[in-house]
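Notes for the one structure printed next.
Nothing in this text is a laboratory measurement; each read-out follows from the coordinates by a stated rule. None of these values were measured; they are calculated from a predicted model. No Cβ is skipped: glycine too gets one built from the backbone with ideal geometry, and neighbour counts run over all protein chains shown.
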Amino acid sequence: MTDNEFKQIKEFVLEELKKIYPAPSVRLWFEPMRVVALDGTSVTVSIPQNKKAFVEAQYYDILKLKFSEIIGINTELKLITDEEEAELKPEFTEEVDSAYKTRFNPEYTFENFVVGKSNQLAQSAALAVANHPAELNNPLFLYGPSGLGKTHLLFSIVNQIRKNHPEYNILYVTGEEFTNELIESLSLKKPMVFREKYRNVDVLLVDDIQFIAGKMSVQEEFFHTFDTLFKMNKQIILASDCAPKDINNLEDRLKSRFVMGLVADIQPPDLELRVAIFKRKSMDFGYDLDMEILYYLAKNITTNIRQIEGALKKLKAHTLITGEACDFNVAKEVLNDFFANAKSEESVIEKAFEFAEKRYGVTRDDMKRARRNAEIIAARHLAIYLIRKTTNLSQNSIAKLFNKKDHTTVINSIGFIERKMKNEPKFEREVQSFISDLRA
Ligand code: ADP
Ligand code: MG
């Protein structure tokens, strides 16, 4: 087994730990660890001298569990210090690092975007804009459900324009980043700096633009940014989870501007396209999976292409460790667990939303936007609380579900619901019985 493969396994474990612990703790305690040896029965992990005692005392069990889960068999865990490691293995190269990076951060390009019926329009529109910025379709507005390649296309445009026009000033932000930067600039009383930045670009891409809906001052500022750039004939590209007309609480003047150029949607891919995408993804992963396995994956992953990455990692970890060839039966066995987990998590989140929606008569879109109405706030607190109590999602991942930047939102919600339960026994019974039904 190579250093590279050891690093992959560690990376998988880190991802699991990030679901449980806050990012700073993971960075502090787990990121420095290195897998140095692994066989069918045990894994040896080195940790800096000054951290080992603490990690061993605090986290030994969870580490052992996570390594066992990733490796797929119950493994012994041996912790050693980095000094002990140095005696075992002196060599380690930079090269490994960069190869590793490219595998895990594959660049999003047109070249590795697989085209089919459901995304053809969006892809060709994106390509046209990339090759002729501000000539044909301005603005370009892409929309479709999560995990179907909008961000991939946006980055493809960035990469392509960079190649053709290295001199262009290209700015990519998410709706959330735009919002946060604006708020910060206003609070620092430096709106000019903000404007300078956003109004001096050749190409502006705003991903998940739906985030600005419902926020008056942000929409106002974006409107002027848009108009300024548009008048100077600069290219604007937007992506959203739904069509402009369906973005709730978005000002009409923005809606009408968003459809002035070209609007293209991405639909969920059919089976054939999923197989093709998964083939491409598995090749990028250094895997040539046979058709039977690809079809099996494509039958199980239907709504969100992003899930393929988790499935491939699971397979990779298994084959790395056991050295077993990845035939159909092996793949099926390894992936069954993965799909069962993914499904149950997804359905639990779905049910939590439904429960909060029904109880307060609001929609989940309302909850995800920054709304100040008491019902919406209460519903959001409840949904966050339920998701936290019934899934393994980290606080940060939950915050993201609600378009919030950090985990303090989640902590607030939990405090809010706990207090409410204390004061209202009936509410408490309702919540507890929902949770125990879910677990049943
Ligand atoms: P969105 O922004 O729509 O939520 P992303 O662009 O983040 O989705 O895509 C999710 C994942 O699926 C990414 O890893 C992306 O590369 C992959 N993906 C989606 N569609 C395709 C496609 N047609 N070809 C290759 N990869 C795709
Ligand atoms: Mg995206």
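Determine the distance separating the Cα centre of region 145-211 from the Cα centre of region 371-426; give it in Å without decimals.
One Cα centre to the other: 29 Å.
Using a Gaussian network model on the chain with a 10 Å cutoff between Cα atoms, which of 369, 195, 274 fluctuates the most?
Residue with maximal mean-square fluctuation among 369, 195, 274: 195.
If you take every residue apart from residue 383 with its C-beta less than 9 Å away from the C-beta of residue 383, what net charge results, scoring Lys and Arg +1 and Asp and Glu -1? Before the final figure, lay out each step's value.
On the way: positive: 364, 380; negative: 357.
Surrounding charge for residue 383 is +1.
Taking K and R as +1 and D and E as -1, what net charge do the other residues with C-beta under 15 Å from the C-beta of residue 76 add up to? Can you show the working numbers first?
Numbers: positive: 64, 66, 78; negative: 39, 56, 61, 69.
Around residue 76, the charge tally is -1.
Once the other residues with Cβ under 13 Å from the Cβ of residue 416 are scored (Lys, Arg +1; Asp, Glu -1), what is the net sum? Walk me through the numbers before you get to the answer.
Numbers: positive: 380, 388, 419, 420, 422; negative: 418, 424.
For residues surrounding residue 416, the net value is +3.
If neighbour count is taken as other Cβ atoms inside 10 Å, put 167, 418 in order from fewest to most.
Details: 167 6, 418 13.
Going from least to most buried by this count: 167, 418.
If you keep only loop residues by DSSP, which chymotrypsin sites (Phe, Trp or Tyr not before Pro) in region 241-309 have at most 16 other Cβ atoms within 10 Å of their Cβ? Intermediate results must be reported in sequence, preceding the final value.
On the way: sites: 258, 278, 285, 287, 295, 296; in loops: 285, 287.
For chymotrypsin sites (Phe, Trp or Tyr not before Pro) across region 241-309 that sit outside H, G, I, E and B with at most 16 neighbouring Cβ atoms in 10 Å, the list reads 287.
Mind jotting down the distance between the C-alpha centroids of region 317-352 and region 237-264, whole Å?
For region 237-264 versus region 317-352, the Cα centre distance is 38 Å.
Can you give me the Cα centroid spacing of region 279-303 and region 1-57 in angstrom?
Each part reduced to its Cα centre gives a spacing of 28 Å.
Label points 7 Å out from Cα along the Cβ direction at residue 276 and residue 253: separation in nm?
4.3 nm
For the chain, what does -39500 (n - 2.57) per DSSP helix run (n ≥ 4), summed and divided by total residues, give at 222 nm, in deg cm²/dmol to the nearest 500?
Working: 19 runs with 264 residues, N = 440.
Result for the chain: -19500 deg cm²/dmol, rounded to the nearest 500.
In region 5-67, what trypsin sites (Lys or Arg not before Pro) fall in a loop by DSSP, with at most 14 other Cβ atoms inside 10 Å? Walk me through the intermediate numbers first.
Working: sites: 7, 10, 18, 19, 27, 34, 51, 52, 64, 66; in loops: none.
Answer by residue number: there is no such site.
What FRET efficiency, computed as 1/(1 + (r/R0)^6) with R0 = 41 Å and r the Cβ-Cβ distance, is obtained for residue 406 and residue 336, rounded to the nearest 0.05? Please report the intermediate quantities before stating the final value.
Working: r = 35 Å, r/R0 = 0.85.
Taking R0 as 41 Å, the efficiency between residue 406 and residue 336 is 0.75.
Below 20 Å, Cα to Cα, which aspartates and glutamates can residue 197 reach? Residues fewer than 8 away in the same chain don't count.
By straight Cα distance, residue 197 reaches 167, 176, 177, 181, 184, 207, 208, 220, 221, 227.
Over the chain, what is the relative contact order in percent, taking alpha-carbon pairs closer than 8 angstrom and at least six residues apart?
Values: 567 pairs, mean separation 64.5, N = 440.
So the answer I get is 15 percent.
Does region 120-265 come out rounded, prolate or oblate, given a ≥ b ≥ c as the square roots of the eigenvalues of its C-alpha gyration tensor, rounded meaning a/c under 1.5 and, failing that, prolate meaning a/b above b/c? Before the final figure, lay out the partial values.
Details: a/c = 1.68, a/b = 1.20, b/c = 1.40.
Oblate is the answer for region 120-265, as a/c is 1.5 or above yet b/c matches or exceeds a/b.
Residues in region 352-383, backbone N under 16 Å from the label point at residue 418 (7 Å along the Cα-to-beta-carbon vector): list them, ranges by number please.
381-382
Subtracting the Cα-Cα distance from 0.36 nm times the residue separation, let me have the gained length for residue 292 to residue 136 in nm, one decimal. Please report the intermediate quantities before stating the final value.
Details: separation 156, 0.36 × 156 = 56.16 nm, distance 4.26 nm.
Here the segment from residue 292 to residue 136 would lengthen by 51.9 nm.
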